Amino acid sequence: MDALRIPMPAAAEETLDPADWTEVQALSHQVIDDAIDYLRDVRERPVWREMPTGVKATFDASLPHSATPLAEVYRQVAQNVMPYPMGNIHPRFWSWYMGSSNFTGALADFLAAVQGSNLGGGNHAAARLDSQVVNWCKEMMGFPASASGTLASGGSMANLIALTVARNVKAGVDVREDGIAALDKPLRFYGSDQLHSCHRKAMEALGLGNRALRRVATTADLRIDLAALKQAIAKDRAAGLRPACVIGTAGTVNTGAIDDLEALASLAAEEDLWFHVDGCIGALIAIAPENAYRVAGIEHADSVALDPHKWLHAPFEVGCALVRDAKAHHQAFAVTPEYLQATPRGLASADWLYEYGLQTTRGFRALKVWMALKEHGIEKFGRLIDQNIAQARYLSGLIEAYPELELVAPTSINIVCYRYRAEGLEDETLKALNVEIMLRLQEEGIAALSDTTVHGEHCLRVAINNHRTRREDLDLLVAETLRLGEELAGATAMAKGVAHEEATRDVRNQ
Ligand SMILES: *Cc1c(COP(=O)(O)O)cnc(C)c1O
């Protein structure tokens, strides 16, 4: 026995800890200083820039076999990675739909990694804090304390988790044990034709298939057509299918339209359907004093997916699924193997958080939400949401004031769909012109927009989910759209003119 206590020579064992902590401390201070400069000066840099070929080539370097000093590794990151971001922390980034992060959240991610706890569960502070953030999300949505929830990587995962519970509850058979092959009738889920693409992936992953997801037509304001929804449900029932779930969208990714959630809640209750709300964009409007009325009814949902890494600006990744019926939620995912049996005391004497989703090991993503909420308070986040919605209204007003610009969809919340228009251009030419405006805005580092098609009309899309955006940024966007539009439309007209002249000359020469 004593032999076991004889210390081994130190050199026999390796560790990832630094040999010299003092050196790492100095470098870490430098990293923090650089990070603060980086964020403070973000407005001065272009939104986006293409990587030089030399930089791209560094990412083809093969697996490192030997050591490189940390200072050199950091130098490479500072040189090749940090200057070429996606750009979503920039005040003029309005592409797709993202949050713009925040420094407190970054500090939290650092501390979470330093503590390194596994949020699969257990009796420790991080797990308690994780549950607290879920409780805060319930409170924000007006869900009862008895509801359950889980933090996931993002909205797509949160939707998948909620739709899994919906499927299992409405299947009428034990899907977990017997699989979907045991279903006596095929299930049908319903959402609008503006539904986010993650629902298709969820339906496929759940084994129900893309066709089980009915895309119901939307009205002129891009909200689900309730009459068409009722008809679709009735038709499916008559055909011997089993309508199971209706997905309401609180803020569509195309235009920000919010389905009539009160009406969907009543309809789901009448039809005995699970009512899920995809609130990845708009659920958090519930905390915004001026606009909360837009998501009234969300509190009646059976489940909600929301995305703190969007309108709470938490650094990626963090989404949240809430389920009213905690038991149904737990029953959809609970599997406790012997090695994870709870004990009366100690580390394993608490609930396992991994029993509410698909991951086993879970990161401490709650901390970045928790720290920023503590620092600013929920009311400020509510005001920031109202601010983005007011900015979208402001931008829409500017667009309406110029005859060269037009709104392509009604602005509901913080997404503005518009295009440059020029007399006499065909649809395809107009589309090409607007795409070119979008690309030049990116390449010149001015602003990042995306484009989309709304009810068949191509347009540029500005999603203002950004706590750094100011009205002057939107003034600049309009001015630059007009400048580029004029230049490009002029060039197009000239090209057409030349083509026309050449054509007539050819005709004359014949
Ligand atoms: C962003 C979004 C999602 C997906 O969320 P991720 O966090 O990107 O996974 C789902 N639905 C809607 C409406 C969204 O805007």
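Of all residues in region 86-118, those that are touching a strand residue (DSSP E or B) at 6+ places or on another chain (Cβ under 9 Å) and either within 15 Å of Ala314 (Cβ to Cβ) or not in a loop (DSSP other than H, G, I, E, B) (or both) total 5.
On inspection, Asn118 does not qualify as open to solvent by 20 Å² or more (accessible area, probe 1.4 Å), at pLDDT 95 or above and within 21 Å of the chain's Cα centre (by Cα). The residues in region 403-418 that are closer than 13 Å to Val478 by Cα and either free of Cβ contacts under 8 Å to residues at least 24 places away in the same chain or surrounded by fewer than 24 Cβ atoms within 10 Å (Cβ to Cβ) (or both) can be counted, and the count is 5. Considering the conditions (1) surrounded by 15 or more Cβ atoms within 10 Å (Cβ to Cβ); (2) assigned to a helix (DSSP H, G or I), Glu428 is excluded by exactly one of them, (1). Of all the criteria given as (1) closer than 16 Å to Met371 by Cβ; (2) touching a Phe, Trp or Tyr at 6+ places or on another chain (Cβ under 7 Å), the one not satisfied by Arg128 is (2). Asp307 satisfies every condition listed in (1) of a type in the set (D, E, K, R); (2) farther than 17 Å from Cys137 by Cβ; (3) open to solvent by less than 10 Å² (accessible area, probe 1.4 Å) except (2). Does Glu338 satisfy the condition of being charged (D, E, K, R) and either modelled with pLDDT under 95 or open to solvent by 70 Å² or more (accessible area, probe 1.4 Å) (or both)? So Glu338 fits the description; yes.
Of all the residues in region 13-27, those that are open to solvent by 50 Å² or more (accessible area, probe 1.4 Å) and not in a loop (DSSP other than H, G, I, E, B) number 5. On the stretch given as region 437-456, residues that are more than 24 Å from the chain's Cα centre (by Cα) and over 18 Å from Pro46 (Cα atoms) total 1. Residue pairs whose Cβ atoms lie under 8 Å apart, sitting 6 or more positions apart in sequence or on different chains, and linking a residue in region 245-266 that is more than 26 Å from Asn168 (Cβ to Cβ) and acidic (Asp, Glu) to a partner that is surrounded by fewer than 23 Cβ atoms within 10 Å (Cβ to Cβ) and at pLDDT 95 or above, are Asp260/Arg223; Asp260/Leu226; Asp260/Gly297; Glu262/Ala296; Glu262/Gly297; Glu262/His300.
Of the residues contained in region 150-162, none is found to be in a loop (DSSP other than H, G, I, E, B), open to solvent by 20 Å² or more (accessible area, probe 1.4 Å) and more than 16 Å from the ligand (Cβ to nearest atom).
Within region 431-457, which residues are crowded, with 17+ Cβ neighbours inside 10 Å and either not assigned by TED's automatic domain parsing to the domain that holds Ala489 or not in a helix (DSSP H, G or I) (or both)? Answer for region 431-457, where residues must be crowded, with 17+ Cβ neighbours inside 10 Å and either not assigned by TED's automatic domain parsing to the domain that holds Ala489 or not in a helix (DSSP H, G or I) (or both): Ile446, Ala447, Ala448, Leu449, Asp451, Thr452, Val454. Looking at region 199-317, the helices (runs of 4 or more DSSP H) lying wholly inside it that each contain 1 or more residues that are away from the ligand (no atom under 11 Å from the Cβ) sit at 226-238, 261-271.
Has region 278-291 got at least one residue that is buried (at least 17 other Cβ atoms within 10 Å of the Cβ), over 30 Å from His455 (Cβ atoms), in contact (Cβ under 8 Å) with a residue 60 or more places away in the chain and under 22 Å from the mean Cα position of the chain (by Cα)? Yes: one or more hits.
Say whether the condition of being surrounded by 24 or more Cβ atoms within 10 Å (Cβ to Cβ) and touching a Lys or Arg at 6+ places or on another chain (Cβ under 6 Å) is met by at least one residue in region 247-258. Looking through region 247-258, at least one residue is surrounded by 24 or more Cβ atoms within 10 Å (Cβ to Cβ) and touching a Lys or Arg at 6+ places or on another chain (Cβ under 6 Å). Of all the residues in region 170-198, those that are more than 16 Å from the ligand (Cβ to nearest atom) and open to solvent by 70 Å² or more (accessible area, probe 1.4 Å) number 7.
The values are calculated or read from the model by the stated rules, or taken from the named source; none is laboratory data. All values reported here derive from a predicted model rather than from experimental measurement. Please note: Cβ atoms are built from the backbone with ideal geometry, for glycine as well, and neighbour counts cover all protein chains shown. Just so you know, the surface numbers come from the protein's heavy atoms only, side chains and all, with ligands and any DNA or RNA stripped out. Shrake-Rupley method; radii C 1.70, N 1.55, O 1.52, S 1.80 Å.
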